[in-house]
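Take a look at the following structure, please.
The values are calculated or read from the model by the stated rules, or taken from the named source; none is laboratory data. What you are looking at is a predicted structure, and each value in this text was computed from that prediction instead of being measured. Counting neighbours? That spans all protein chains shown, and the Cβs are built from the backbone with ideal geometry, glycine included.
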Amino acid sequence: MVASKPFARPVVVELGRPGNYRRIISVGDAAACLATSWPLNRGPRHRHAVQTCLRVLEGHHSSEDARRAFVAAAMESEVLVANDIAASSSEGK
């Protein structure tokens, strides 16, 4: 996994079969996960997260912007682990 532009806090998602957790620690990890491991139920938040990750890697946004977009996409696809759901609602979206 690419360890570029680290997140302040990792994001944990559950992908594939139950109990298959993945810890996302950086923008590079998030971009790779969105591109290769994401479930088929991809919506507008998935597209936004991909675009945001790319913009961060180009130097146009912060890694926290990518983290927020990734969390939103994970919530949309119902793969976000519960601890991050509580944290995302307290971040002020």
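Are there any pairs, at least 6 apart or on different chains, whose C-beta atoms fall under 7 Å, with the first in region 54-77 and closer than 20 Å to Pro39 by Cα and among the hydrophobic types (A, V, I, L, M, F, W, C) and the second surrounded by fewer than 19 Cβ atoms within 10 Å (Cβ to Cβ) and at pLDDT 95 or above, and if so, which?
Hits for this filter: Ala69/His48; Ala72/Arg45; Ala73/Arg45.
Pull up region 31-46, narrow it to residues that are under 13 Å from Val79 (Cα atoms) and among the aliphatic types (A, V, I, L, M), then point me to the one that is surrounded by the fewest Cβ atoms within 10 Å (Cβ to Cβ).
Ranking the qualifying residues of region 31-46, first place goes to Leu40.
Here is a follow-up. Here is a check on your reading of the model: is Glu78 modelled with pLDDT of 90 or more, out of contact with any helix residue (DSSP H, G or I) (no Cβ under 6 Å at 6 or more places or on another chain), of a type in the set (Asp, Glu) and assigned to a loop (DSSP other than H, G, I, E, B)?
Judged against the criteria, Glu78 is a match.
Then there is this: Tally the residues that are part of a helix (DSSP H, G or I) and more than 22 Å from Leu15 (Cα to Cα), restricting the search to region 52-62.
First pass over region 52-62, keeping only residues part of a helix (DSSP H, G or I): 52-57.
Those left that are additionally more than 22 Å from Leu15 (Cα to Cα): 55-57.
Selection size over region 52-62: 3.
Before we move on, is Ala49 hydrophobic (A, V, I, L, M, F, W, C), surrounded by fewer than 20 Cβ atoms within 10 Å (Cβ to Cβ), touching a residue at least 12 places away in the same chain (Cβ under 8 Å) and part of a helix (DSSP H, G or I)?
No.
Name the residues in region 6-26 that are among the charged types (D, E, K, R) and in contact (Cβ under 8 Å) with a residue 60 or more places away in the chain, would you?
Step one: list which residues in region 6-26 are among the charged types (D, E, K, R), which gives 9, 14, 17, 22-23.
Answer for region 6-26, where residues must be among the charged types (D, E, K, R) and in contact (Cβ under 8 Å) with a residue 60 or more places away in the chain: Arg9, Glu14.
Could I ask something else about it? If you take the residues of region 5-30 that are of a type in the set (Gly, Ala, Ser) and within 14 Å of the chain's Cα centre (by Cα), which of them is surrounded by the most Cβ atoms within 10 Å (Cβ to Cβ)? Quick ask: steps written out before the conclusion?
The first filter runs over region 5-30 and keeps only residues of a type in the set (Gly, Ala, Ser), leaving 8, 16, 19, 26, 28, 30.
Still in the running and within 14 Å of the chain's Cα centre (by Cα): 8, 26, 28, 30.
Details: Ala8: 8, Ser26: 21, Gly28: 20, Ala30: 30.
So the residue we want is Ala30.
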